[in-house]
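Contents: one structure, followed by commentary.
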Amino acid sequence: MASKTRNMFVGLVREGSFKWLIKNRSSFEEEFEEMGKSTAGRNWMPELSPVANVVVRRCSKILGISASQLRENFVGEASDSMKDPSRYARNFLEYCCFRALALSTQVTGYLDDKKFRRLTYDMMLAWEFPAAGSQPLLNMDEDATVGVEAFSRITPAVPIIANVIISDSLFEVLTSSTGGRLQFSVYEKYLLGLESPTSARNGNILAYKAIGSTTWVVGV
C-alpha cells in the first residue's frame, strides 16, 4: 500500500497534476516536486493535505528527523483520542508544529528570519486545511489568508507573537481592513515591528484592551 501511494505521488508530480492547486509556480509547487523526487516521495503522508505535507516536511528538517519518524513518535506518544481518524491530521500537524517551534525559537533573532516568519504563517494555513481533500483552490503564496482559530492556535506557541489571552483581540486588529482574514503581508509586517523600536517612535502604534490589560501592536 505504501509503495502504491509513493508511486502515485511521484507520477502526479512528474505529470504536473498538482498545478491545479495554484495558478503560477510558487514555493509550494517547488516543494511538492522536491518531495516527489526525494527517495520516491517516501515521506508523503496520504492522510494529510498537500500544504500540511509540506509543513510537516519543513518541521522534520528543523528537528533533524524524517517525517516518518515524526509520525512514529506521535503514534507512540499521543493518546488514543488524539489518534482518532477524524482528528488525526490536525493533531499530528500540531504535534509537528509545536515541536519545531519550540526548537526554532531557541535561536537568537528568529523573527528576522523570513523562512521562520513564512513557516509560522504556513502552519496556520495548514491548520485550516490539514486533511487530504481539504486543500483550497488558490495560489498558496499569494492568495492565501488565515482565520482567527488557526491564528489563536499556532501563534501562542511563540510567546513574543501572541498568547492565549490576547490572540483573538490581536487578530481582530490585524484583520480590521481585510474582512477578518489575515494576509501574510500584514502578518509579516507585524512580526517585523515586534523587534523594531522605530515603528513606535514614529507613532505607528495601535493599542487595544484584552482581558483588563493593555497590549501594544507595533507597525501595523
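Quick note: the coordinates plus some simple rules give every number you see, no bench work behind them. Keep in mind it's a predicted model, so treat the numbers as computed, not measured. Using ideal geometry, Cβ is built from the backbone for each residue, glycine included, and neighbour counts are taken over all protein chains shown.
Just a few scattered comments:
- Local net charge near GLY147, Cβ-Cβ under 15 Å (Lys/Arg +1, Asp/Glu -1): -3
- Charge sum, other residues only, whose C-beta stays under 15 Å from ASP112's C-beta, Lys/Arg counted +1 and Asp/Glu -1: +2
- Estimated FRET transfer efficiency (ASN73, VAL107; beta-carbon r; R0 35 Å; 0.05): 0.95
- Net charge of Cβ neighbours under 10 Å - reference ALA131; Lys, Arg +1; Asp, Glu -1: +1
- Potential extension, ILE65-SER86 segment - 0.36 nm per residue separation minus Cα distance: 5.0 nm
- Amide H partners (placed H, <5 Å) of ALA132, local residues excluded: LEU48, SER49
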